[in-house]
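Here the structure comes first, spelled out in structure tokens, and everything after it is commentary.
The values are calculated or read from the model by the stated rules, or taken from the named source; none is laboratory data. As the structure is a prediction and not an experimental result, all values here were calculated from the model. Virtual Cβ from ideal backbone geometry, glycine too; neighbours counted across all protein chains shown.
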Amino acid sequence: MSRDSKNIAEIVIYIEDQMARHKALFDRHLEAVLTEEDLTPHRLREAMSYSLMAGGKRLRPALCMAAAEIFGASAEMVLPMAVSFEMVHTASLIHDDLPCMDNDAMRRGQPTNHVVFGEAMALLAGDALLAWAFSHSLKKLPALGHTADVILKALKEFAEAVGPSGICGGQVLDMGMEEYTKKEELVWKTALMKTATLIRASLTTGSILGGASPEAVQCLYNYGTHLGMAFQITDDILDVTGDLRELGKTPGKDAEQGKATFVSTYGVDGAVRLASEESQKAKEAILSLGERARFLKDLPDYIVRRTR
């Protein structure tokens, strides 16, 4: 094994250990939230829980928790915010899979929400999760000792990532509802809005709640932008090179729907190069945070080498 291969193997082990730690804590908490909250009607609760508990990497919650830990806060101190990110992310997936959007029948290795519960219930489940994401953090964060101004700053970052300049606007671009003269401009803008903004906000909100300085928050803002871009570029590559068993969703949908992606724009080799460049830019953005940010420093290399 070469030295580079050994280093990558060590990174994979470390990142997966850290991701597993955050995921275990998060999943236990999310189960408790779903049990404790008085959610009615029952069928709506069932539809929300179906997609929320379908697994997934829990990347955004992990980033939120990891960002807080860098500045000395515990992961538990930001769990409500981490839950809010997963609620919004899950809502976006439910809506993204609808027949009026991408019309996908598989997500995370199981039938999509609308296949199981019908289109109307899937739409309502997504809407309910979007609203619940805000009310959950507003209700739970004060009880953990966060001040009103800090909560407001965090939720401002969160709201901007969800709205028209974030994932909602990104979905419009992804579906070709906006005219762009340059295909290159379109794919970068779509990836930024649909994917990078929520990943970036996971980091900035976690750092704000963790007590980071404005300068440190800006470092994570820059890091999150490049990490999110690397994630989406890799996603585009996997849509071409992956398979249903590993991805847990239908591959080849982008090409089938004629979407502008990094692969269709730059080719597979070009997309691989761009993912590597964005990964390097992400690592450089947090050099000032030192060894305490090791998880975030190693994560970009892991992201661009993932198979699902």
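Of the helices (runs of 4 or more DSSP H) lying entirely inside the stretch 146-196, the ones with 3 or more residues being under 30 Å from ALA73 (Cα atoms) and of a type in the set (Val, Ile, Thr) are found at 148-162. Taking residues in the stretch 142-169 that are surrounded by fewer than 17 Cβ atoms within 10 Å (Cβ to Cβ), and partners anywhere that are modelled with pLDDT of 95 or more and not in a helix (DSSP H, G or I), the pairs with Cβ atoms closer than 8 Å and at least 6 places apart or on different chains are GLU160/GLY166. Inside the stretch 255-308, residues that are of a type in the set (Val, Ile, Thr), within 19 Å of GLU10 (Cα to Cα) and surrounded by fewer than 15 Cβ atoms within 10 Å (Cβ to Cβ) make up a count of 1. Applying the set (1) at pLDDT below 95; (2) touching a Lys or Arg at 6+ places or on another chain (Cβ under 9 Å) to ILE286 leaves exactly one unmet item: (1). Please verify whether the stretch 115-133 includes one or more residues that are out of contact with any strand residue (DSSP E or B) (no Cβ under 8 Å at 6 or more places or on another chain), within 27 Å of THR40 (Cβ to Cβ) and at pLDDT below 95. Within the stretch 115-133 (the criterion being out of contact with any strand residue (DSSP E or B) (no Cβ under 8 Å at 6 or more places or on another chain), within 27 Å of THR40 (Cβ to Cβ) and at pLDDT below 95), the answer is no, since none of the residues qualifies.
What's the total number of residues in the stretch 103-138 that are in a helix (DSSP H, G or I) and in contact (Cβ under 8 Å) with a residue 12 or more places away in the chain?
Counting residues in the stretch 103-138 that are in a helix (DSSP H, G or I) and in contact (Cβ under 8 Å) with a residue 12 or more places away in the chain gives 21.
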